[in-house]
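Structure first, then comments.
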Amino acid sequence: MIKLTWLHKNLFSTWYNSLLTVICSALLLWLVQGIVIWATTKAQWAVVQVNLRLFLVGRFPQTEYWRVWIVLAIASTLGAVTAGVFFHQQKLTWRKVGLFAFIVGLLLILFPLDLSSRLWLLLTAILLIPGFILGSKLTNLVAPWLSLIWLLSFPIILWLIGGNFGLRPVSSNLWNGLLLTLLMAAISIVLSFPIGVLLALGRTSNLPVVRWFSILYIEIIRGVPLIGILFLAQVMLPLFFAADVRLDRVLRAIAGLVLFSAAYMAENVRGGLQAVSRGQVEAAKALGLNTFFVVLLIVLPQALRAVIPAVVGQFIGLFKDTSLLSLVGLVELTGIARSILAQPQFIGRYAEVYLFIGLIYWLFCYSMSLASRRLERQLNN
């Protein structure tokens, strides 16, 4: 009865609303029908099935795939622990566990993986549940060390991917596909966030030198397109080092992404700083806190909480901006599509390839958006 009332109120309240509802429903049905017919009868999804490994890890040596799986297990487990810390109030019910098991089983069935890869994927999925339980049950113990644990995991991840010190070296030229996209996005997000916070604090500083440096940096970087920054990082950055020092292309691309994203992050954080009441700062100083602790314990937590949607939006934008790396010679997820489309048997399969890539981008972006909404809702309770 309630649904009928809602339909009448929102879709069939007047004759012209009813007409628009019928027309839009017919157009939507026609569009969905066309997509379903194309996807089931005309599309050649073999391009995805045959080249799945290229999409995911590119030309990374097949004999070293176990290192990528370990990296995935480390990142997934830490992600589950982090989720458990932030969402410790939400109980892990059997219904949620069953839904998760169904999704994992579906992936194991649909993905054309060999037996070892299926076992690695199953092990990674199993680690998520104890990771979430650990984070939710030991929140007070784990939370203070969470940032440090993540920072310590990055050298281990880079060592596993790049090799050396006992492992076979793998050139960064072989870091392709989704592996490179996630690596670039994760490192850029982790580095640009604290730099953006420092720039935001610098722009509101009472020290003229610090304030004007921050203002000049932010305004100059925001006035230049990202592709320009990436080209400058690839061409001009090596000029600042000695001739015998050659920076890796991946490092130069990370530098460009970090420099660009930090400027926009600074403006997002500055909006949060302006939302903090001046009276709270004065009250904290009256209690005897110095400026450092006032900013660290009073101002920043409230400012960051106020700008969670904007900050996560910047993270999502940065993740999608990694697609521009293909223009400067890095073969990330979008760049690997060109190699796949150049295969003689798959020439012209643009729709299938880019729909698959778009689905991957959407899954990661929607996951970040969903996590930010839940975190914002929990912090407001």
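Could you check ALA310 against (1) among the hydrophobic types (A, V, I, L, M, F, W, C); (2) within 23 Å of the chain's Cα centre (by Cα); (3) modelled with pLDDT under 85 and say which number it fails?
Unmet condition: (3).
Residues are listed down the side, and each one gets a yes or a no for (1) closer than 29 Å to LEU297 by Cβ; (2) in contact with a helix residue (DSSP H, G or I) (Cβ under 6 Å, 6 or more places away or on another chain); (3) open to solvent by 20 Å² or more (accessible area, probe 1.4 Å):
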{"position": "LEU141", "(1), (2), (3)": "yes, no, yes"}
{"position": "LEU148", "(1), (2), (3)": "yes, no, yes"}
{"position": "LEU160", "(1), (2), (3)": "no, yes, no"}
{"position": "ARG168", "(1), (2), (3)": "no, no, yes"}
{"position": "SER188", "(1), (2), (3)": "yes, yes, no"}
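Here's a check for you: in the stretch 282-294, which residue that is open to solvent by 40 Å² or more (accessible area, probe 1.4 Å) and assigned to a helix (DSSP H, G or I) is farthest from PHE231 (Cα to Cα)?
Applying the filter and picking the extreme gives ALA286.
Is it true that PRO130 is within 27 Å of SER339 (Cα to Cα) and out of contact with any Cys (no Cβ under 9 Å at 6 or more places or on another chain)?
It is false that PRO130 is within 27 Å of SER339 (Cα to Cα) and out of contact with any Cys (no Cβ under 9 Å at 6 or more places or on another chain).
List the residue pairs whose Cβ atoms are under 7 Å apart, where the first residue sits in the stretch 21-33 and is free of Cβ contacts under 8 Å to residues at least 12 places away in the same chain, the second is open to solvent by less than 100 Å² (accessible area, probe 1.4 Å), and the two are 6 or more positions apart or on different chains.
Every condition considered, the pairs that remain are THR21/LEU11; THR21/PHE12.
Can you confirm whether the stretch 16-23 contains a residue that is closer than 30 Å to LEU110 by Cα, part of a helix (DSSP H, G or I) and at pLDDT 85 or above?
no
Rundown of residues vs (1) under 25 Å from THR139 (Cβ atoms); (2) of a type in the set (Ser, Thr, Tyr); (3) surrounded by 13 or more Cβ atoms within 10 Å (Cβ to Cβ); (4) more than 23 Å from the chain's Cα centre (by Cα), yes/no style:
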site	(1), (2), (3), (4)
THR77	yes, yes, yes, no
LYS91	yes, no, no, yes
LEU99	yes, no, no, yes
PRO112	no, no, no, yes
LEU119	no, no, yes, yes
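Mind telling me which of the residues ARG278, ARG338 ends up being under 19 Å from ILE360 (Cβ atoms) and either open to solvent by 60 Å² or more (accessible area, probe 1.4 Å) or modelled with pLDDT under 85 (or both)?
ARG338
Please tell me if LEU251 is free of Cβ contacts under 8 Å to residues at least 12 places away in the same chain, in a helix (DSSP H, G or I) and under 30 Å from SER171 (Cα atoms).
yes
If you check TRP15 against the conditions, is it in contact (Cβ under 8 Å) with a residue 24 or more places away in the chain, open to solvent by 90 Å² or more (accessible area, probe 1.4 Å) and more than 24 Å from LEU167 (Cβ to Cβ)?
no
Would you mind finding the one in LEU182, LEU198, LEU207 that is open to solvent by 20 Å² or more (accessible area, probe 1.4 Å), modelled with pLDDT of 90 or more and over 30 Å from LEU333 (Cβ atoms)?
Selected residue: LEU198, the only one of LEU182, LEU198, LEU207 that is open to solvent by 20 Å² or more (accessible area, probe 1.4 Å), modelled with pLDDT of 90 or more and over 30 Å from LEU333 (Cβ atoms).
What is the one condition in (1) more than 30 Å from ILE161 (Cα to Cα); (2) in a helix (DSSP H, G or I); (3) out of contact with any Lys or Arg (no Cβ under 8 Å at 6 or more places or on another chain); (4) not aliphatic (A, V, I, L, M) that GLU267 does not satisfy?
Evaluating GLU267 over (1) more than 30 Å from ILE161 (Cα to Cα); (2) in a helix (DSSP H, G or I); (3) out of contact with any Lys or Arg (no Cβ under 8 Å at 6 or more places or on another chain); (4) not aliphatic (A, V, I, L, M) leaves (3) as the failure.
Just checking, how many residues over the stretch 297-338 are more than 15 Å from LEU257 (Cβ to Cβ) and outside any helix (DSSP H, G or I)?
2
Mind listing whichever residues of the stretch 339-381 are outside any helix (DSSP H, G or I) and among the small types (Gly, Ala, Ser)?
ALA342, GLY348
The values are calculated or read from the model by the stated rules, or taken from the named source; none is laboratory data. None of these values were measured; they are calculated from a predicted model. Here the Cβ is made from the backbone with ideal geometry for all residues, glycine too, and neighbour counts use every protein chain on show. Surface areas here come from the heavy atoms of the whole protein model, side chains and all, with no ligands, DNA or RNA. Shrake-Rupley method; radii C 1.70, N 1.55, O 1.52, S 1.80 Å.
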